[in-house]
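All remarks here apply to the structure that follows.
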Amino acid sequence: MKIIHVITAFGLGGAEKLLLEIVNRQILKNDVHLVYFKGTDLLLPYLDNKICVKKIPLTISTTKELRKYFKNIKPDVIHTHLGHADIIGIWSARNLKTKIFCTMHNIYIQQNVYDNFYFIVYKFLFKIASPHTKVISISKSVEKHVLERLGLPKNRSFLIYNAIPPNIIKENNNPEKRKKANDKITLLFVGRLSKQKSVHTLLKAVKLLKEQGYQKSIRVLIVGDGDLRFSLESLSKELEIEEIVNFEGQTTNVEPYFSASDIFILPSIWEGFGIVILEAFKFKLAVIATDIEGPSELIENNVNGLLITPNDQNELAEKIKLLINNKFLRLHLGEKGFESFNKKYHINNYMEDLDGLYEKN
């Protein structure tokens, strides 16, 4: 089978990492092409060298160039990922005799002009420009959005939960990182430093913990980069917690941070899924996440993690204290999260479902 994947950028986000795993497995039995438009290409070195990679810069002629590429390759499947790639890819593939799939990785909640634009364009694409496109949702909440708000017919909607590779699980015993931690409880956040992730809530919770005498018991690792990095670093200084909080920046390898940490925190105000939670599950970390669509599908409160109200630094601080003071609970939640990962979120299961969709639809 000849497959073309189209993605906006090939950086370090959850969608990009998932696509990396997909194409590296598909190339074993298929002819696979990857097209991206912009941004960093930090994951390219990890691609199988048999995958054909093409970068088409975002210009006024991008659609024309992509459509020409489609016609030259004549793929059996075109599969798009993320906003720009969905819009440009589906529009460029209109009226071509090929199967078209679009994976919806997030929810456009119409809270600003940007979200409104994507909402309107997606409706147009699915209803008029490409009425045969099949949509893969990464969670029930995303699928609900696709069906109810975008008006997609049920027979064109499919649910495949995100997944990550079933690598050998590393225990939390990285000696160098643990030495650096000086046996403190390490709190970890991994993700973009953007409004969506609400990292300021975590920083304010850490301030509360410091005021209650926990500054010598914890350290915080913020792994990632984004538009809000400068303001978050400034907030850390303003709150006088810079000796506790370390901004580690962006990295292609987050595993050392997971293996050195005790508690993972995702304080987002919205998520389509929250694939980084699966990484935390895989490393047996206790997880605290907001009770929103996406994470609430992964976490059963007080069973394999803890759920909190979005933007509530007081509740977050209390949950962190609970896990600091209760080692048994902390380890128990980590074990239960690991069980959840093993049962539902292996990449092998994802690939079986995706291959089935390609063949049958």
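Consider the range 293-305. How many of its residues are surrounded by fewer than 24 Cβ atoms within 10 Å (Cβ to Cβ) and not in a helix (DSSP H, G or I)?
Result for the range 293-305: 6.
So, PRO57, is that one surrounded by fewer than 21 Cβ atoms within 10 Å (Cβ to Cβ) and over 18 Å from TYR69 (Cα atoms) or not?
no
Somewhere in the range 277-287, is a residue over 25 Å from LEU20 (Cβ atoms) and surrounded by fewer than 18 Cβ atoms within 10 Å (Cβ to Cβ)?
No; the residues of the range 277-287 include none that is over 25 Å from LEU20 (Cβ atoms) and surrounded by fewer than 18 Cβ atoms within 10 Å (Cβ to Cβ).
Of the conditions (1) of a type outside the set (Val, Ile, Thr); (2) on the phi > 0 side of the Ramachandran plot; (3) modelled with pLDDT under 95, GLU293 satisfies every one except a single condition; which number is it?
(2)
So in the range 132-143, with the set limited to residues that are part of a helix (DSSP H, G or I) and in contact (Cβ under 8 Å) with a residue 60 or more places away in the chain, which one is farthest from LEU298 (Cα to Cα)?
VAL142
State yes or no: is ASN304 within 16 Å of ALA205 (Cα to Cα) and of a type in the set (S, T, N, Q)?
Considered against the rule, which asks whether it is within 16 Å of ALA205 (Cα to Cα) and of a type in the set (S, T, N, Q), ASN304 comes out as no.
The values are calculated or read from the model by the stated rules, or taken from the named source; none is laboratory data. This is a predicted model, so every value here is computed, not measured. Because the Cβ atoms are built from the backbone with ideal geometry, glycine has one as well, and the counts that use them run over all protein chains shown.
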